[in-house]
2 protein chains.
Amino acid sequence: MGTPEVDSGAVLAAALQRPVCVLGLGLIGGSLLRAAVDAGRDAWGASASTTTAEKARADGYDVADDVAAAVRRAAEADALVVVAVPLTAMDDVLAVVGREAPGCRLTDVTSVKEPVGEAVGRRAPAARFVGGHPMTGTEFSGWDAGSLQLFHDKVWVVATDDDADLEVWTDVVALALACGATVVPAASDEHDVAVARISHLPHLLAAVLAAVGADGGELALALAAGSFTDGTRVAATRPELTAAMCEGNRDALLSAFDDALGRLGAARGSLASTGGLLSTLTAGHDGRAALDAARQDRREVRIDLDPSPAEHLEAMRELGRTGGRIIGWTSEALEAAAPDED
Amino acid sequence: MGTPEVDSGAVLAAALQRPVCVLGLGLIGGSLLRAAVDAGRDAWGASASTTTAEKARADGYDVADDVAAAVRRAAEADALVVVAVPLTAMDDVLAVVGREAPGCRLTDVTSVKEPVGEAVGRRAPAARFVGGHPMTGTEFSGWDAGSLQLFHDKVWVVATDDDADLEVWTDVVALALACGATVVPAASDEHDVAVARISHLPHLLAAVLAAVGADGGELALALAAGSFTDGTRVAATRPELTAAMCEGNRDALLSAFDDALGRLGAARGSLASTGGLLSTLTAGHDGRAALDAARQDRREVRIDLDPSPAEHLEAMRELGRTGGRIIGWTSEALEAAAPDED
């Protein structure tokens with residue numbers, strides 16, 4: 001009813017070979033450039049850091065010092081531009097995109113989706129933006145920490161909002177799959193609420209645990225074993241990166257925070273009065289069991305692409321909400337996307 | 001001055017081949033029986049569970065269903081008795097020890113040292129008790145989860161209190177080293193304060209994190225990656241075991257809890273008002289760096305055994321307090337312990 005229909009075969013065909021321009025070559029961007037090249041894509045990058053750019057070129061990659069030049073090249077090639085800089089540098093890089101390639105296909109690989117969407121609205125409002133978030137951070141950072149395997153079997157969230165451009169959405173899904181990831185489609189706001197609980201809160205608890213443990217002195221650190229080592233691993237991440245990620249998701253994080261504080265306060269009260277921690281620990285055990293069960297659940301479903309973007313996007317969001325992932329294209333979709341023989 | 005002196009060569013010689021009787025064959029006890037046999041010790045065990053005892057016998061180990069019989073054999077052989085049952089079963093097993101082998105050499109492998117010492121005082125007051133705590137728990141439990149490698153390169157705390165029997169203390173250290181562990185000597189109360197911070201608090205935070213994450217529903221669990229997976233790993237432990245461990249260390253855990261709640265409250269307030277999490281995250285980063293630095297610090301020192309037990313024990317406690325470990329015996333000590341040739 002007035003909704004434009006999409007020739008999904010042609011869209012997929014283009015997405016499968018879309019050139020890729022990566023802005024920012026830290027852990028995620030650097031790994032993405034490597035993985036995209038490895039997947040056979042025409043891919044290039046840019047870094048504001050001369051040192052990083054030199055390292056990447058020394059490793060054989062097509063990398064410019066000049067972000068503007070890389071973006072102009074993306075405009076000419078109709079490439080997918082991937083912004084892979086921390087939130088703190090997002091506005092500056094997006095301003096270059098808005099100036100040099102205002103209507104480009106654009107995605108990002110940052111942890112929080114709503115603030116990035118707002119920054120795009122300020123700096124590159126005409127860009128065809130579909131956000132992304134590969135769930136692959138480690139406590140390491142920088143080009144040297146990257147690897148073309150970083151995304152392998154990891155989850156890559158692709159923002160699936162009502163106003164998403166279905167062509168660009170397909171570009172981003174195709175890039176994620178090409179890098180070896182599986183795709184969870186999610187609305188930006190639902191994504192941000194979820195990652196507050198399973199990424200941002202864990203980083204804060206790890207930091208607090210690390211500080212409390214170190215306050216126990218050398219004896220405590222000498223006794224630290226698996227529970228402390230695993231529980232504090234991400235506290236080794238650069239604090240500035242974690243702060244930018246967490247502060248960018250303030251509202252959702254406050255809600256997760258209050259849930260945790262409520263449970264901790266109840267446990268503290270129970271331990272001090274009746275000594276009982278079993279209900280807290282049982283809830284935790286059940287939560288962890290739910291995680292393991294979710295990972296075991298590997299039913300495969302085939303979803304026909306609905307030619308109406310609105311219905312397609314809602315079907316995809318519902319897939320994500322119920323724990324589903326996109327793991328690949330059907331053979332029929334790939335056949336429809338194959339170039340005509342002549 | 002009235003303190004009995006010890007012939008450390010003879011003590012070590014006996015400790016190096018002391019028979020071992022393991023009561024309880026779960027993850028820790030079952031691994032200990034395997035490791036002691038592998039190290040060439042005469043070692044046997046007992047389990048109140050017929051199923052466990054049958055499994056252990058099927059695996060070739062000398063295991064009785066009857067705890068009392070195993071303990072009587074220990075009395076006859078002057079073996080080191082190792083109580084390897086959870087805190088909740090401690091009193092019952094110690095009552096058998098107190099009845100069948102009242103003056104035996106006795107240690108344990110439980111997380112909290114002061115409550116075990118009190119239970120020994122109630123149930124087996126004449127036992128020559130020196131507590132122990134291998135820092136090797138995993139989220140798994142039971143005989144099948146055990147491994148003779150469980151203690152390899154792990155820390156094994158040996159309680160080093162003023163009233164410790166230096167012969168039994170040497171027995172326990174020798175057993176830990178024979179199992180491939182390194183030994184941290186620590187007073188029972190100092191141990192309990194330390195493990196509240198680096199073991200019991202991590203278990204509670206893991207439980208709370210797992211519950212908060214699961215509250216985020218299937219989308220959140222689908223997005224869970226390293227920070228959540230690592231941060232909740234120990235929440236998979238049987239809640240009853242964790243509860244007994246944590247509740248047995250109430251006072252020290254409350255103090256660690258309050259330190260964590262204070263830091264979390266400050267972070268929550270800062271996030272809600274000015275948005276700043278950097279000081280919390282920087283303190284966590286520094287704490288984690290202190291852990292890594294402590295693990296890098298591998299200076300080797302040689303400590304001559306002081307023939308006065310009181311001075312020896314204080315020197316050992318000071319070693320532990322400053323982050324030191326016992327990693328083995330000097331060649332001179334082993335030579336002094338070697339049997340005379342004839």
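The values are calculated or read from the model by the stated rules, or taken from the named source; none is laboratory data. Please read all numbers here as calculations on a predicted model, not as lab measurements. Reconstructed Cβ throughout: ideal geometry from the backbone, glycine too, with neighbour counts over all protein chains shown.
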Return the only residue of B:GLY216, B:GLY262, B:GLY287 being within 7 Å of another protein chain (Cβ to nearest Cβ) and under 19 Å from A:GLY213 (Cβ atoms). B:GLY287
Residues being in contact with a helix residue (DSSP H, G or I) (Cβ under 7 Å, 6 or more places away or on another chain), modelled with pLDDT of 95 or more, buried (at least 21 other Cβ atoms within 10 Å of the Cβ) and not in a loop (DSSP other than H, G, I, E, B) - total across the range B:68-95: 7
Give me the pairs: first residue in the range B:221-241 and free of Cβ contacts under 8 Å to residues at least 12 places away in the same chain and more than 7 Å from chain A (Cβ to nearest Cβ), second residue in a helix (DSSP H, G or I) and of a type in the set (Asp, Glu), beta-carbon distance under 9 Å, and six or more apart or on different chains, which are they? B:THR229/A:ASP230
Name the pairs: first residue in the range A:56-68 and in the same structural domain as A:LEU148 (by TED's automatic domain parsing), second residue charged (D, E, K, R), Cβ to Cβ under 7 Å, at least 6 apart or on different chains? A:VAL63/A:ARG57; A:ALA68/A:GLU100
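One line per residue, one yes/no per condition, for (1) surrounded by fewer than 24 Cβ atoms within 10 Å (Cβ to Cβ); (2) in contact with a Phe, Trp or Tyr (Cβ under 9 Å, 6 or more places away or on another chain); (3) among the hydrophobic types (A, V, I, L, M, F, W, C):
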residue	(1), (2), (3)
B:TRP143	no, no, yes
B:THR160	no, yes, no
B:PRO185	no, yes, no
B:ILE198	no, yes, yes
B:ALA211	no, no, yes
B:THR229	yes, no, no
Name the residue that is surrounded by the most Cβ atoms within 10 Å (Cβ to Cβ), counting only residues in the range A:1-25 that are part of a loop (DSSP other than H, G, I, E, B) and modelled with pLDDT under 95. A:VAL6
Scanning the range A:165-213 residue by residue, those more than 30 Å from B:LEU201 (Cβ to Cβ), of a type in the set (D, E, K, R) and more than 7 Å from chain B (Cβ to nearest Cβ) turn out to be A:ASP165, A:GLU167, A:ASP171, A:ASP189
Of the residues in the range A:312-328 that are at pLDDT 90 or above and away from chain B (no Cβ under 14 Å), the one that is nearest to A:LEU175 (Cα to Cα) is A:GLY328
Since A:LEU87 meets every condition but one in (1) among the aliphatic types (A, V, I, L, M); (2) within 14 Å of chain B (Cβ to nearest Cβ); (3) farther than 30 Å from B:LEU219 by Cβ, which condition does it not meet? (3)
Going through B:GLY276, B:GLY287 one at a time, which residue ends up being under 30 Å from B:ALA181 (Cβ atoms), modelled with pLDDT of 85 or more, touching a helix residue (DSSP H, G or I) at 6+ places or on another chain (Cβ under 6 Å) and not basic (Lys, Arg)? B:GLY287
How many residues are crowded, with 22+ Cβ neighbours inside 10 Å and either at pLDDT 95 or above or within 22 Å of B:PRO309 (Cα to Cα) (or both) if we restrict to the range B:97-118? 9
Given the options B:SER147, B:SER199, name the one that is among the polar types (S, T, N, Q), closer than 24 Å to A:ASP215 by Cβ and either in contact (Cβ under 8 Å) with a residue 12 or more places away in the chain or part of a loop (DSSP other than H, G, I, E, B) (or both). B:SER199
